[in-house]
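Written below as structure tokens is the structure these notes are about.
The values are calculated or read from the model by the stated rules, or taken from the named source; none is laboratory data. Because the structure is a prediction, the values reported are computed rather than measured. Virtual Cβ from ideal backbone geometry, glycine too; neighbours counted across all protein chains shown.
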Amino acid sequence: MENMREVLEHELKDLYSAETQLVKALPKMAKGASDPQLRQAFEQHLTETEGHVARLEQISEMVNLKPRGHKCKGMEGLIAEGSDLLSEEDASAARDAALIAAAQRVEHYEMAAYGSARTFADLLGEADIVEILDQTLEEEKAADEKLTQIAESHVNEAALNAAADMQNEGATGGGMTERPTASRRSR
């Protein structure tokens, strides 16, 4: 890459690949969630993600870019980690807590990428693109907040209680004794 325009174009292609991978992964995550609120959050984010793809296609047209043909390896890895969780047979609150953690890693990856692309577009004086990227960035932040709310309102506690119940019943297999921290915000 020789100039900021090429850097922006690379980011846009990477985001396009990331979002199209998510469109395929989110239905599986929704199906694998045992908590109805979490399932609904994944389904809602699927609809938003389809909109993100459309926005990236719009931006690509604005800058005369073909967004296809690039593979976002970072998102591929994050999705693979989430898929490993879905291969577990037991749909439980603990798995839901782990799914939330995996989904939040995805959201943070996307927030970093959209923030960078937005900055590059701003440096290039592309106000229309900045506005579109800002809209998506705000939706990614809201999705992250929603996942945090679901985790902190009941999923993490349910996972903790299930582990305590297993220990109280004398079950073996190493139930968790510490409070899950996925989604706990840094203060």
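Just one residue in the set A121, A25, A33, A113 is touching a residue at least 24 places away in the same chain (Cβ under 8 Å) and within 20 Å of Q149 (Cα to Cα); that residue is A33.
Pairing residues of the stretch 56-72 that are modelled with pLDDT of 95 or more with residues that are buried (at least 17 other Cβ atoms within 10 Å of the Cβ) and among the acidic types (D, E), at Cβ distances under 6 Å and at least 6 apart in sequence or on separate chains, gives L65/E9; C72/D14. If you go through the stretch 112-153 and pick out every residue that is outside any helix (DSSP H, G or I) and under 16 Å from the mean Cα position of the chain (by Cα), you end up with 0. Being β-branched (V, I, T), modelled with pLDDT of 95 or more, closer than 18 Å to T136 by Cβ and exposed (fewer than 14 other Cβ atoms within 10 Å of the Cβ), is that true of even one residue in the stretch 108-119? Within the stretch 108-119, none of the residues are β-branched (V, I, T), modelled with pLDDT of 95 or more, closer than 18 Å to T136 by Cβ and exposed (fewer than 14 other Cβ atoms within 10 Å of the Cβ). When K28 is tested against (1) closer than 19 Å to H154 by Cβ; (2) out of contact with any Lys or Arg (no Cβ under 9 Å at 6 or more places or on another chain), only condition (1) is not met.
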